[in-house]
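Below is one structure; the comments refer to it alone.
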Amino acid sequence: MTKENGCLLAIPGSHKGRILNHHLNGHFAGAVTELGFDDSSAEEIELKAGGISIHHVRTLHGSLPNLSTKPRRLLLFQYCASDAWPLSGIDWNEYVKNHLRGKPTNQPRLTQVTVRIPLPGPKRPGGIYANQEVLKKSTFNNAAN
């Protein structure tokens, strides 16, 4: 991942802050949609082939546009604790099948934390890039300057 082919951008410590709105016109848009969103502290994460980046799921992140002639490939793995359940859409058989370590449990861990559900769903369902097609501009604008 290089600046030229659209490397990852991440805002350090943002996973500890408030949850920002990712909805546009009442539907999940897959990106921060708050007016005045400040991305000036975003850091560029460049990696050599075979490198990895690991970040907390709530870390505000995005990417620069790919200005090269080469595609940027991504392999995404998501890990979570056995008792860290999604609030909706759980498929027990998938949960058990994809379990790597520990024992599957039907007792989710609960803690007092602010939650924002991505519902109503996106106007353009599919992957995250399809969801974001409704955006008028990229969320991370200042970071690319």
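Derivation of every value follows stated rules applied to the coordinates shown; laboratory data play no part. From a predicted model like this one, the values you see are computed outputs, not experimental measurements. Please note: Cβ atoms are built from the backbone with ideal geometry, for glycine as well, and neighbour counts cover all protein chains shown.
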Given the -39500 (n - 2.57) contribution per DSSP H run of 4+ residues, what per-residue ellipticity at 222 nm results for the chain, rounded to the nearest 500 deg cm²/dmol? -1500 deg cm²/dmol
Between the range 84-102 and the range 17-61, the Cα center-to-center distance that results, in Å: 25
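How would you classify the range 70-128 from its alpha-carbon gyration tensor, with a ≥ b ≥ c the square roots of the eigenvalues: rounded for a/c under 1.5, else prolate if a/b is greater than b/c, otherwise oblate? It would help to have the intermediate numbers written out before the result.
Numbers: a/c = 1.97, a/b = 1.28, b/c = 1.54.
Oblate, since a/c reaches 1.5 and b/c is not below a/b.
Size of the dipole of the chain about the Cα centre, Lys and Arg at +1 and Asp and Glu at -1 on the beta carbon, nothing else charged, in debye to 20? All intermediate terms of the calculation are to be shown ahead of the outcome.
Values: 17 positive and 11 negative charges, 52 e Å.
That gives a dipole near 240 debye.
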Out of these labelled values of Kirkwood radius over Cα pairs in Å, (1) 15.0; (2) 17.3; (3) 24.8, which was calculated from the coordinates shown here? (2)
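Using 0.36 nm per residue, how much length does the chain from Ser41 to Arg18 gain when fully extended, once their Cα-Cα distance is taken away?
Working: separation 23, 0.36 × 23 = 8.28 nm, distance 1.60 nm.
Length difference between fully extended and current span is 6.7 nm.
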Going by average Cβ density within 10 Å per residue, which order do the peptides 18-27, 97-106, 114-123 take, highest to lowest? 18-27, 114-123, 97-106
Cα gyration tensor category, rounded, prolate or oblate, for the range 25-92 with a/c compared to 1.5: oblate
Under 19 Å from the 7 Å Cα→Cβ point of Lys103, by amide nitrogen: which residues of the range 72-89? 81-85
Ranked packing of 59-65, 2-8, 48-54, most packed first, by mean Cβ within 10 Å: 59-65, 2-8, 48-54
